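Engineer: First, the structure itself, so that you have it in front of you.
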There are 2 protein chains.
Amino acid sequence: MSAEGAFCLEAYLQTKKQLVDEALERLLPGEENYPPLIFRAVRYSVLAGGKRLRPVLCLAAMEALGAGGLQLSVMPLACALEMIHTYSLIHDDLPAMDDDDCRRGMPTSHKVFGEDIAILAGDALLTEAFALLSGRELRDAFPADVLLTVIHEIAVAAGCFGMIGGQVVDIRSEGQPAAAETLHYIHTRKTGAPISASVKAGALLAGAGKEALESLALYGRNVGLAFQIVDDILNVEGDRQKTGKSTGSDVYRGKVTYPSLFGLEQSREKAHLLVQEALNALSGFDDRAQPLRLLAKHILERRS
Amino acid sequence: MSAEGAFCLEAYLQTKKQLVDEALERLLPGEENYPPLIFRAVRYSVLAGGKRLRPVLCLAAMEALGAGGLQLSVMPLACALEMIHTYSLIHDDLPAMDDDDCRRGMPTSHKVFGEDIAILAGDALLTEAFALLSGRELRDAFPADVLLTVIHEIAVAAGCFGMIGGQVVDIRSEGQPAAAETLHYIHTRKTGAPISASVKAGALLAGAGKEALESLALYGRNVGLAFQIVDDILNVEGDRQKTGKSTGSDVYRGKVTYPSLFGLEQSREKAHLLVQEALNALSGFDDRAQPLRLLAKHILERRS
């Protein structure tokens, strides 16, 4: 990374992840509350680790707009994004959906707590995310009408026209002949929409104008889709230790993926093109968008 | 009801229910959207009928504060309350939870659409409720900071310290020796909190002052708990045709209920006392609180 100048992405990612982890630890109620089981289950999945990609993209978008100084105030939003992501993983892993036993190298929520509590832990994370987004901390720091716009963006991206729509098509197209259109729909809704919403949410709280907001949303959509394609590629060739999932599990399940439809080589090319488009979307931004640029490239090179 | 003057509760309930049903029909996207399956599943459960108690309490609270003229503007909130209620029913009915085949006299969501889609339909209703609460219609009619307070109230009432906490204790205490404290916890969180939040949400949008808000919240908590006790009683003695559920299903499941702990007679007395307390909480209100008063009494007398 030193070729990019003094900025070191590794250290940046590490610092942001730590900030978000500390905020999650603080904002998620502990097991001293009643009933302890639900707080244990919620904390088990959220604090199991993870790259915190959505919160980091949100923080990097704020920095690109010169609002890096607000990063502590924005922590409830960063945490809400991660909580909604975690809820989607818990529910995706359920026996009625992908039936995964293992996530991030650990037993999935329903293996540890039972299906009933896993469903409720997902429900709780989704609900508490909206409690944070409308809570005192953010309201003391940001205008109410902007917060409402952020809540709306996030809810729409997570809803029937976003993440949930993508998941419905994903699980109900398993074993079906894969059409490129269907695949594109799944990836843009299931992964692209929430990632784009994370970038937009940060931009909105940073007071972005219409043009900057559109550029950052475009960056987010491209990066989100690239991220999912790389995920598909890693599922074929990645090693289990790094992804924490069984290699080839998508093939086993008959899931539609980029590699299954276009082959590995063309999938890599597609991811490259998307990252290039993401970088183009940032052409009007100055050096403060450097973290966003390096994050986009990093997504291509990731191995887990 | 004519003894209470010209006001007829039956007609009132019918009118409000129709208003809410029309708004739900309008605000829930139809099956012409992609993927049709999720919209079909969402609409199946929401439009299956129901008393629309939470929306009606919300509207009646606004009327008690002289803001009945706002009832059309407040429809997205009324619908959001019903959507969150319906999500909780869909998830409660899942095989991993109560495993109910029948609700409101119709097959439950997972029996019709499969467990995967039932989970996602519940998730969708919860998510889309927050999209409505932060959406254009309410924002054009009400101040942003009041809407944030409403969103927060609803999220907290539906979360770990409210409905979800109650459900966790409920499913995990089945077959356990019933303690009065546990039972009280379950009922106040699972039913009391969301009903009280419905009343408060209406009061907030009507611009209630601190004192009126507290009185209405107290009314809501008492009415919510009374409603649940009557529900327990009807589960023992009600007829299946009216409740749409199997009579005695709570006993079969070893669920903690008021009748199982205190007997039918004492349970009826307790419900009476709670309704009396709810009415006392309204002592400072004038005739415009008549619908709220009659609703409280109606809850005692209901047979389904």
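The values are calculated or read from the model by the stated rules, or taken from the named source; none is laboratory data. Keep in mind that this is a model prediction, so the values were computed, not measured. Cβ atoms come from the backbone with ideal geometry, glycine included; neighbour counts cover every protein chain shown.
Engineer: Among B:Ala197, B:Ala208, B:Ala193, B:Ala179, which is more than 14 Å from chain A (Cβ to nearest Cβ) and under 29 Å from B:Glu277 (Cα atoms)?
Structural biologist: B:Ala208
Engineer: Could you run through segment A:273-304 and say how many residues are farther than 20 Å from A:Ala206 by Cα and of a type in the set (D, E, K, R)?
Structural biologist: Residues meeting the conditions: 5.
Engineer: Related question: For B:Ala48, which of the numbered conditions (1) within 14 Å of another protein chain (Cβ to nearest Cβ); (2) touching a residue at least 24 places away in the same chain (Cβ under 8 Å); (3) out of contact with any Leu (no Cβ under 9 Å at 6 or more places or on another chain) fails to hold?
Structural biologist: (1)
Engineer: Follow-up. For segment B:233-253, indicate whether the set of residues that are assigned to a helix (DSSP H, G or I) and modelled with pLDDT of 90 or more is non-empty.
Structural biologist: yes
Engineer: Could you count how many residues in segment B:24-72 are farther than 30 Å from B:Lys111 by Cα and surrounded by fewer than 16 Cβ atoms within 10 Å (Cβ to Cβ)?
Structural biologist: 4
Engineer: Among the listed residues A:Ala124, A:Ala118, A:Ala131, A:Ala96, which satisfies the condition of being surrounded by 21 or more Cβ atoms within 10 Å (Cβ to Cβ), in contact with a helix residue (DSSP H, G or I) (Cβ under 7 Å, 6 or more places away or on another chain), facing chain B (nearest Cβ under 9 Å) and not in a helix (DSSP H, G or I)?
Structural biologist: Every option except A:Ala96 fails the conditions.
Engineer: Related question: Would you be able to tell me the number of residues in segment B:144-160 that are at the interface with chain A (Cβ under 8 Å from one of its Cβ atoms) and either among the hydroxyl-bearing types (Ser, Thr, Tyr) or surrounded by fewer than 24 Cβ atoms within 10 Å (Cβ to Cβ) (or both)?
Structural biologist: 6
Engineer: Could you pull out the residue among B:Glu181, B:Glu174 that is modelled with pLDDT under 95, in a loop (DSSP other than H, G, I, E, B) and of a type in the set (Asp, Glu)?
Structural biologist: After applying the criteria, what remains is B:Glu174.
Engineer: Here's another thing I want to ask about it. Tell me which of these B:Lys16 doesn't satisfy, since it passes every other one: (1) of a type outside the set (A, V, I, L, M); (2) closer than 30 Å to A:Ser173 by Cα; (3) within 17 Å of the chain's Cα centre (by Cα).
Structural biologist: (2)
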